[in-house]
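*Asks:* One structure follows; several queries about it will come next.
The values are calculated or read from the model by the stated rules, or taken from the named source; none is laboratory data. Source: prediction; values computed, not measured. As a convention, Cβ positions derive from the backbone with ideal geometry for all residues, glycine included, and neighbour counts pool all protein chains shown.
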Amino acid sequence: MAKTKRASLISLIFAAGLLMLTGCGNGGSTEQVNGTDIAGAKTESGSKPPAQNFSTDPVTLDILASTTELNFDTMLIQPVKKKYPFITLNIIQKGKGNSVQELITSGQLPDLITDWTGGLTGKKQFGIFFDITPLLKSHNVDLNRFQPNVVEAMRTSADNNEIYGLPFNSQLFLMFYNKDIFDKFGVPYPKDGLTWDETIEIAKKVTRLDGGTQYRGLDPDTIQRVALSLSQNVVNGKTDKPEVNNEQWKRVFELGKRMFAIPGNQLTKNAFDDFAKDRRLAMLASYNRFAQFKEPSETGLNWDIAQYPSFSDKPNTYGLSNPWMMLITSTSKHKDQAMQVLEVLTSDEVQLVNARTEAKLPPLVNPEMQKQFGADVPYLKGKHIASIFKSQPAPAPAYSDYYSKAVSLVVTSFNEYNAGKKDVNTALREAEENINQMIRDSK
């Protein structure tokens, strides 16, 4: 009975989506910012594309907010109010009673949803997304404004190479280091362009017991992140088959064990606290955690950044291209107005605010985004921000709905291997077996 109800619900949503699509309008006006219109379409000789007629009747759009990666007031509510005063935005915070499934069931699915590319797989089954390419054309939105790897990641996460929404934030990876620890032991600061092997050798020099404090040299902030630079998935998003028992994951496991085998550099529960709170970790290779550095910086943490370590055969490559997106739902009755919201959010003007004040990486090609990155964040003054942009993200695979649970099983297997309870081949084989079992149980 549950399956019948769910199938009926999905069919209704899909049918509603088709009806809404037939009602989409055409066209859109634009506003120039440094030669590029806010809607995102690069104009020729400074001229605007032909203006189209969209409704300016007052409308309220609901947005399901499932991320802290976006400052909704400064990047969305205020700029939308300024450009499109007839559009009011109602932000719905994701939580108990406000999951996508619950909102569908209650008939209150919002007009717009925020999510990262890896989070779309489990929601596609409900038929709530659709290809917005016709809207992009009618609103003169140029995808060439966006980083190619970001566009590719969005297409990979969708079905049939489609586009479900637009990106507003890209992930970045970097290496934080504690200058005081390096100074204490007379070791030069880490430079840009280091491989993982070279970084481990530096870690050996700053992993020491001194004055009753065990200083640790290096932590990758979970082993799973090390694999990202190799575009390693855990479950294939197209087939739901695990992809762990292979040579690349073996390489990652063995690298991690060498790292934690350094005497005194044992694996701990919270690498960030080791670095920012206890201040006994010399190097933390991680993702964009700048928002968490305000208090540590104000209380004396003496830190800087260097380029994220890379594999020798994958130089200047970090993480994965996994942008955060805002997506228009197929059931929205105001798709053109929702598209106007996306135009504002992804405009050069708003994204420059994102880069300067939030230290978030805009997904745009515009070089100003990198030049002015973190310019208005006091505790980033003097940091080697340019180091971040010496690397590019690895191509993102198609994610599965079982990704998060599978990652936890892989981490558990690594911990058992790292503790000497299993050899690497057994750990990887059992990780894959456990993932298969988890998927069978879930289905």
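*Asks:* Does Tyr402 fit the bill of being in contact with a helix residue (DSSP H, G or I) (Cβ under 6 Å, 6 or more places away or on another chain) and in the same structural domain as Tyr308 (by TED's automatic domain parsing)?
*Replies:* In short, yes.
*Asks:* Is there any pair linking a residue in segment 135-147 that is closer than 15 Å to Tyr164 by Cα to one that is surrounded by fewer than 20 Cβ atoms within 10 Å (Cβ to Cβ) and of a type in the set (Val, Ile, Thr), with Cβ under 8 Å and at least six apart or on different chains, and which?
*Replies:* Leu143/Val151; Phe146/Val365
*Asks:* Taking the criterion of being among the acidic types (Asp, Glu), within 16 Å of the chain's Cα centre (by Cα) and not in a loop (DSSP other than H, G, I, E, B), would at least one residue in segment 172-186 satisfy it?
*Replies:* No, that holds for no residue.
*Asks:* Are any residues in segment 187-214 under 24 Å from the mean Cα position of the chain (by Cα) and part of a helix (DSSP H, G or I), and if so, which ones?
*Replies:* Correct list: Trp196 only.
*Asks:* Return the total of residues in segment 259-276 being more than 19 Å from Arg289 (Cα to Cα) and in a loop (DSSP other than H, G, I, E, B).
*Replies:* Total satisfying the criteria: 7.
*Asks:* Take Gly264 and tell me if it is small (Gly, Ala, Ser), over 29 Å from Ala386 (Cα atoms) and modelled with pLDDT of 95 or more.
*Replies:* Judged against the criteria, Gly264 is a match.
*Asks:* In segment 66-86, what residues are surrounded by fewer than 20 Cβ atoms within 10 Å (Cβ to Cβ), modelled with pLDDT of 90 or more and of a type outside the set (S, T, N, Q)?
*Replies:* Of everything in segment 66-86, those that are surrounded by fewer than 20 Cβ atoms within 10 Å (Cβ to Cβ), modelled with pLDDT of 90 or more and of a type outside the set (S, T, N, Q) turn out to be Phe72, Asp73, Ile77, Pro79, Lys81, Lys82, Lys83, Tyr84, Pro85, Phe86.
*Asks:* Count, please, the residues in segment 96-128 that happen to be under 20 Å from the mean Cα position of the chain (by Cα), surrounded by fewer than 17 Cβ atoms within 10 Å (Cβ to Cβ) and not in a helix (DSSP H, G or I).
*Replies:* 1
*Asks:* In addition: Within segment 227-234, can one find any residue that is surrounded by fewer than 22 Cβ atoms within 10 Å (Cβ to Cβ) and under 20 Å from Leu194 (Cβ atoms)?
*Replies:* Yes, segment 227-234 contains at least one residue that is surrounded by fewer than 22 Cβ atoms within 10 Å (Cβ to Cβ) and under 20 Å from Leu194 (Cβ atoms).
*Asks:* Would you point out the residue of segment 277-290, among those that are more than 19 Å from Leu172 (Cα to Cα) and touching a residue at least 24 places away in the same chain (Cβ under 8 Å), that is surrounded by the fewest Cβ atoms within 10 Å (Cβ to Cβ)?
*Replies:* Filtering segment 277-290 for residues that are more than 19 Å from Leu172 (Cα to Cα) and touching a residue at least 24 places away in the same chain (Cβ under 8 Å), the one surrounded by the fewest Cβ atoms within 10 Å (Cβ to Cβ) comes out as Arg280.
*Asks:* Let me ask something else about it. Could we say that Thr222 is out of contact with any helix residue (DSSP H, G or I) (no Cβ under 6 Å at 6 or more places or on another chain), under 29 Å from Asp441 (Cα atoms), assigned by TED's automatic domain parsing to the domain that holds Lys184 and surrounded by 15 or more Cβ atoms within 10 Å (Cβ to Cβ) here?
*Replies:* For Thr222, the condition - out of contact with any helix residue (DSSP H, G or I) (no Cβ under 6 Å at 6 or more places or on another chain), under 29 Å from Asp441 (Cα atoms), assigned by TED's automatic domain parsing to the domain that holds Lys184 and surrounded by 15 or more Cβ atoms within 10 Å (Cβ to Cβ) - is met.
*Asks:* Could you look through segment 352-382, keep only residues that are within 29 Å of Asp313 (Cβ to Cβ) and not in a strand (DSSP E or B), and pick out the one that is farthest from the chain's Cα centre (by Cα)?
*Replies:* That would be Pro367.
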